[in-house]
Amino acid sequence: MWTPVRLNNNTTYDYGFGWGVNRMNGHRIIEHGGAWQGFTSYIGRYVDDKLTVLVLDNLAGGNAGKIGHHVAAIYDPKLGRTAIDDKEPQITSLAKELINNLASGAIDPNSFTPTLAAEVSSTRGQRVSRLLKSLGTLNKMELVEREEKDGNRVYGYQLSFENGSRLFKLLINNENKISDLSFVDDF
């Protein structure tokens with residue numbers, strides 16, 4: 001149940017039966033959030049640290065996950081997102097250019113794997129563009145995660161915008177094509 005799902009192409013996705021299966025600075029975290037009629041909730045289990053954080057919120061539009069992550073970082077600062085050394089500034093430049101291109105809808109399909117190129121050229125690309133436009137100007141971008149996974153290089157960037165923040169995850173395959181990307185609510 002808390003194992004990343006294996007996809008048909010034999011790669012994995014950090015999701016198992018409703019639970020996000022992630023890492024925070026090398027610490028395993030299994031988490032889930034929900035919302036219903038103005039209420040939000042979040043549970044995060046830092047299994048290596050024997051810590052569970054539960055947040056219940058009755059504020060419409062609240063971010064229980066963000067609160068939960070901040071509480072965990074108070075307990076142990078290693079459980080929070082912190083900037084790491086950027087040893088590949090060319091990837092960071094590529095990621096920043098990609099964010100700007102996604103916002104404007106001017107993407108180069110040759111930068112992506114064929115499957116992802118089809119997705120970002122369709123409805124998914126339009127949703128990402130609307131999200132980025134609603135967040136406004138990108139003010140700060142920090143590398144907070146770098147790992148190898150299923151033959152991909154995984155980069156996580158903490159983005160601070162005029163109207164909010166997001167974690168941007170970028171996967172680049174061994175052919176230097178972008179094989180996946182996602183924007184996750186701020187932690």
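Computed from the coordinates by the stated procedures, all read-outs in this text should not be read as laboratory data. Keep in mind that what you see is a predicted model, and the values were worked out from it rather than measured. No Cβ is skipped: glycine too gets one built from the backbone with ideal geometry, and neighbour counts run over all protein chains shown.
Brief remarks follow.
- Members of the range 76-116 found to be touching a Lys or Arg at 6+ places or on another chain (Cβ under 9 Å), assigned to a helix (DSSP H, G or I) and surrounded by 13 or more Cβ atoms within 10 Å (Cβ to Cβ), listed by number: Ile91, Ala103, Ser111, Leu116
- Filtering the range 110-125 to residues that are within 18 Å of Lys169 (Cα to Cα) and of a type outside the set (Gly, Ala, Ser) leaves Phe112, Thr113, Thr115, Leu116, Glu119, Val120, Arg124.
- Checked across the range 136-154, the condition of being touching a residue at least 24 places away in the same chain (Cβ under 8 Å), assigned to a helix (DSSP H, G or I) and in contact with a helix residue (DSSP H, G or I) (Cβ under 9 Å, 6 or more places away or on another chain) holds for no residue.
- Filter pass, Phe168 being surrounded by 17 or more Cβ atoms within 10 Å (Cβ to Cβ), in contact (Cβ under 8 Å) with a residue 24 or more places away in the chain and over 13 Å from the mean Cα position of the chain (by Cα): no
- Among the residues making up the range 133-187, those that are under 25 Å from Val71 (Cβ atoms) and hydroxyl-bearing (Ser, Thr, Tyr) are Tyr157, Ser160, Ser165, Ser182.
Here is a yes/no grid of residues against (1) buried (at least 18 other Cβ atoms within 10 Å of the Cβ); (2) free of Cβ contacts under 8 Å to residues at least 40 places away in the same chain:
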{"site": "Val21", "(1), (2)": "yes, yes"}
{"site": "Asn25", "(1), (2)": "no, no"}
{"site": "His32", "(1), (2)": "no, yes"}
{"site": "Gly44", "(1), (2)": "yes, yes"}
{"site": "Asp49", "(1), (2)": "no, yes"}
{"site": "Leu56", "(1), (2)": "no, yes"}
{"site": "Leu59", "(1), (2)": "no, yes"}
